[in-house]
Structures are given as structure tokens and as C-alpha cells.
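All remarks here apply to the structure that follows.
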Amino acid sequence: MTHDDERIDLSAFDPENDPDRLERVVANVMDRLGPGIVPDSPSFLQEFESLVARRHRSIAVAAGIVLIAAVSWPGGVRAPWEPAEPQVGAGLEVPVSWGTWLAADENPSAEEVFFATTGGGE
Amino acid sequence: MPPIDRALLDAARQGDRTAFAQIVRGQFRVAFSTALSIVQNPTDAEDVVQDAFVRCWQRLGQCENSAAFGGWFRTIVRSVAHNHLERERVRATESIDSVRTAAAGSPAVDLERAELRTRLSDAMRGLTDVQREVLLLFDLEGFRHAEIAELIGVSEGMSRRHLLNARQRMRTALGEPEPLKTKEKE
């Protein structure tokens, strides 16, 4: 043990040098609390926030279940992240309407052909 | 700060004064040392501790975690102590030394103790806040470095370093001769 390992005698500061100190502090603190003061409970706003948070959680869970069911059901709605139906003719680099006609059983009218080829121009 | 029982904290949070009185008793010594490290005299430290416990009661709703109580309450004590110091500086109407010498017991013992306290207080003025706090917690309250480190938010190594520096400065200020290290090893 070196000199620096020796404690400094601080017993002069020991709160129990004054034997009444603890009881005096306890009594004074209790007096100052007063009869009407109670500790802060979580405020109304905090209670409301936690209630809303709980409600939101259940609503979010319900909405998620509905969405998953709708997406996974055959013929259900298309989820935003799913690719759209491929448009016929898009890969052939011809006007989309041409592809539609090719896939359809009936022939296009002359007017449709005109609009498809000229873009409705002259 | 010593660990606090969760049931006790919950009861106090519900407004149970008996439970809160128990908390006051359990936390008093460490709160006193923390306050003393800042205001540097026992009478002021007692006032600070009282104010801190009242503030603690008023804000108990903010402390939901019994494990965090120690750090939370220590922050309150430190804040109240610094406010107290600031008020004293502004007032500066009463000599701190006249307050310091007021004590209970026989006059001769009180005088001797008051003189010793004055010497120690003067020596402690040369320490930083954290050095004073570590010194009081270790040498007066008997805390271990691991406990001090957790309480004041430093590493154990830093706690040791603060204690070493604090003791060296205290010894110099108190006029204790520093022995030669070589002699210590013999």
C-alpha cells in the first residue's frame, strides 16, 4: 500500500456526527410535502398519447391483415409493389394498340388504324 | 445512489408518504455526500438534500424505472446544489464560515470538529467537483470504484485517477508531508 492508497479521514463530514440530522431531514421533508401534494402522475396528455398509440397499433395491425389478405387472394387487388399486367405489343416496339389488335379476334376499323399510325395527326 | 426497491418506488409514486420516507432514509447519506461535494459545508448540504427530496417527490412521476432512480435523483441533488451555490453567491450576506461552525454537541468537541471541518473544507476547495465527489463517496461513504463509476458516469479507471489526484491535492493542502516513494516500497 502506498501513501496515496490511504484514506483521507473525512469523518468530520459524516452526516451522523449530528445524530439528529437524518430524522430532522426526514421530518422537514415530510412537512414540506404538505397534505395536498401528490407526486406528478403521468399527465392527461401522456395518458391520451399512450391511449392513442395503443389504438393506432391495433388499427395498423388490422389494416395490415386486410391488405395482406386482399393481395394474396386470387384475383384480388394488385399490390403497389407487384408488376403491372404486361401490355401486349410493348416488347415489339409497335404502338400498343397494334399489339391489342393482334391479340384480339376482331380486326380494327379503318379509323382506328389511321389514329394508330398517324397518332391522330394529319 | 443505493438501489431502490421497485415496490417502494411504485408506492411512493402512488402518493404513499411512508414509502417515500423510507426512500429518503435509504438515499440520505449518498445524497448528502453529493451535495457536500458541491456546496462544501454540512449545513448547506443538509438544506440542499431537503430541497432535493421535495423536488424528487414532486417529480416522481417522471421516474418509472427503479434502476434509473439513482442517476435521476443524483441529477436533482446536483442541480439543487448548484442553484443553492448560485443563490449564495448572489446574496453573499452571510459568512459561510459562521454557518459552518454551527453544530450540535458539547462546545469543546464542536469547536474542534468545526476547526477540522474548516481545514478539510478549505483543502477541498482546491479539488474539482468530480474529485470531491469521488473522494467523499470513496473515503467517507465506502463506495467501491465500480459503484462510483456507475453512479457518476465515468470509467473505473477514471474514478481511481480522480481519487488519486484528490488525495494528493488534499494532502498537499493539509500540509501532510508526501513520503518518498522509494521509502514506501521498502
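Read-outs throughout are calculated quantities, based only on the coordinates presented, and are distinct from any laboratory measurement. Treat the numbers as computed from the prediction; the structure is a model and nothing was measured. A quick note on method: Cβ atoms are made from the backbone with ideal geometry, for glycine too, and the neighbour counts reach across all protein chains shown.
With neighbours defined as other Cβ atoms within 10 Å of a residue's Cβ, the residues B:18, B:43, B:172 order from fewest to most as B:18, B:172, B:43. Averaged over the residues of B:54-67, the number of partner chain Cβ atoms lying within 10 Å of the residue Cβ comes to 3.
Among B:39, B:134, what is the fewest-to-most ranking by other Cβ atoms within 10 Å?
Lowest count first: B:39, B:134.
Other residues within the sphere of radius under 12 Å centred on the Cβ of residue B:22, judged by their own Cβ, net out at 0 (K and R +1, D and E -1). The residues B:90, B:130, when put in order of fewest to most other Cβ atoms within 10 Å, stand as B:90, B:130. The mean number of Cβ atoms from other chains found within 10 Å of a Cβ in peptide B:39-51 is 3, as a whole number.
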